[in-house]
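Worksheet: the structure to be examined is printed underneath.
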Amino acid sequence: QVQLVESGGGLVQAGGSLRLSCTASGSIFSINVINVMGWYRQAPGKQRESVASITTGGRTNYADSVKDRFTISRDNAKSTVYLQMNSLKPEDTAVYYCNALSFVAYWGQGTQVTVSS
């Protein structure tokens with residue numbers, strides 16, 4: 001089993017920045033077979049959507065809405081994934097969830113990001 005713990009959410013004005021972190025803990029075997037880690041978000045009344053993902057090898061993928069503003073990175077030694085969010089917009093307001101994929105999908109508990117206009 002793997003537990004994902006997120007941190008770094010909060011309230012920020014439009015144009016500001018936040019950095020989210022997510023650390024995986026638990027079974028060493030389960031952590032070692034994690035391939036993709038990423039971030040999803042869910043705004044009130046909307047479906048959960050993928051924001052960004054990164055493979056063990058460093059290949060990244062971004063939603064069009066966050067390209068050139070968000071950067072995902074990963075420290076495999078620390079089993080941690082980061083999401084640097086710049087030029088935040090009110091429409092980025094959502095609960096952000098960390099996700100890790102191996103043989104199963106693991107989810108964090110979510111962290112609130114609120115961007116005020």
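The values are calculated or read from the model by the stated rules, or taken from the named source; none is laboratory data. Nothing here was measured: the structure is a model prediction, and the numbers come from that model. Cβ: placed from backbone, ideal geometry, glycine included. Neighbour counts: every protein chain shown. Calculation scope for accessible area: heavy atoms of the full protein, side chains included, ligands and nucleic acids excluded. Shrake-Rupley method; radii C 1.70, N 1.55, O 1.52, S 1.80 Å.
Odds and ends about this structure:
- Relative contact order computed over segment 6-117 (Cα-Cα under 8 Å; 6+ residues apart), in percent: 36 percent
- Computed magnitude of the charge dipole of the chain (debye, nearest 20; Cβ of K, R +1, Cβ of D, E -1): 60 debye
- Amide H within-cut-off set for V36, under 5 Å, with H built and near neighbours excluded: L101
- Top of N99, N76, N32 by mean-square fluctuation, Gaussian network on the chain, Cα under 10 Å: N32
- Surface share of carbon and sulfur [accessible, 1.4 angstrom probe, percent] for the chain: 49 percent
- Note that segment 106-117 has calculated 3J(HN,Hα) couplings of 10, 10, x, 7, x, 9, 7, 10, 10, 10, 8, 8 Hz, one per residue in order, obtained from phi through the Karplus relation 6.51 cos²θ - 1.76 cosθ + 1.60 (θ = phi - 60°); glycine and proline are x.
- Per residue accessible area in Å² of the chain, where ligands, DNA and RNA are left out and the probe is 1.4 Å: 53 Å²
- A Gaussian network model of the chain, with springs between Cα atoms under 10 Å, assigns the largest mean-square fluctuation among I72, I28, I54 to I28.
- Per-residue [θ]222 nm for the chain (sum of -39500 (n - 2.57) over DSSP H runs n ≥ 4, rounded to 500): -1000 deg cm²/dmol
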